[in-house]
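**Q** A single structure is presented below for examination.
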């Protein structure tokens, strides 16, 4: 018996199963053109009921418990998110000390939500995440090349070890994805080499400092 012969809900497979790419069949997010000028970036925890959503971009750089509901009940929040200028794909945690299967599942959930929202007409900004160098084999699957992407430096520079790991992952992402523009959530630390790629930093939920480096 396969899934389609059963009834009921199971990890959103009843809503959409994407063909996917890579060894784990990761759902693909397509590149979007997003007008970042004048946009305010707000956390998902402030999105419900906020004014002028057409001028705002929603992020999920929060503790996972604050946005698990978008995975547990994606249709409930899809219409609400469609009112915003864009939505950054949710970065379900991928800590290096998590079991590999949990890391892969959280990468899958990030990509599934982004692809599902795109099919509803929502503009999605892909989010890049990684854990250890071993994750480089699959953590960029489904993220479009030559596209605007988002990445967070929050928590990535609190020690020499974490900084080295963040820089290694970021450089690998640039090698693999060759992004056209980067939306950087957090501080643009001087050690980061953007290789001339335009980037915009988001600090205190405000877009600023468009630059190249």
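**Q** Select from region 84-99 the residues that are assigned to a loop (DSSP other than H, G, I, E, B) and in contact with a strand residue (DSSP E or B) (Cβ under 9 Å, 6 or more places away or on another chain) and write down the one among them that is surrounded by the most Cβ atoms within 10 Å (Cβ to Cβ).
**A** For region 84-99, the residue satisfying everything is 89.
**Q** Could you identify the single residue in 89, 115 that is within 13 Å of residue 27 (Cβ to Cβ) and in contact with a helix residue (DSSP H, G or I) (Cβ under 6 Å, 6 or more places away or on another chain)?
**A** When all the criteria are applied, what remains is 89.
**Q** Look at residue 179 and say whether it is surrounded by fewer than 16 Cβ atoms within 10 Å (Cβ to Cβ) and not in a helix (DSSP H, G or I).
**A** no
**Q** Can you find a residue in region 129-139 that is over 23 Å from residue 37 (Cβ atoms), in a loop (DSSP other than H, G, I, E, B) and over 16 Å from the mean Cα position of the chain (by Cα)?
**A** Scanning region 129-139 turns up at least one residue that is over 23 Å from residue 37 (Cβ atoms), in a loop (DSSP other than H, G, I, E, B) and over 16 Å from the mean Cα position of the chain (by Cα).
**Q** Just a yes or no: is a residue in region 158-171 assigned to a helix (DSSP H, G or I), touching a strand residue (DSSP E or B) at 6+ places or on another chain (Cβ under 8 Å) and more than 24 Å from residue 81 (Cβ to Cβ)?
**A** There is at least one residue in region 158-171 that is assigned to a helix (DSSP H, G or I), touching a strand residue (DSSP E or B) at 6+ places or on another chain (Cβ under 8 Å) and more than 24 Å from residue 81 (Cβ to Cβ).
**Q** Yes or no: residue 139 crowded, with 19+ Cβ neighbours inside 10 Å and closer than 27 Å to residue 56 by Cβ?
**A** So residue 139 does not fit the description; no.
Throughout, read-outs are computed from the coordinates displayed, never taken from laboratory work. It should be emphasised that the depicted structure is a prediction, and the values quoted were computed from it without experimental measurement. Every residue, glycine as well, gets a Cβ built from its backbone with ideal geometry; the counts of neighbours run over all protein chains shown.
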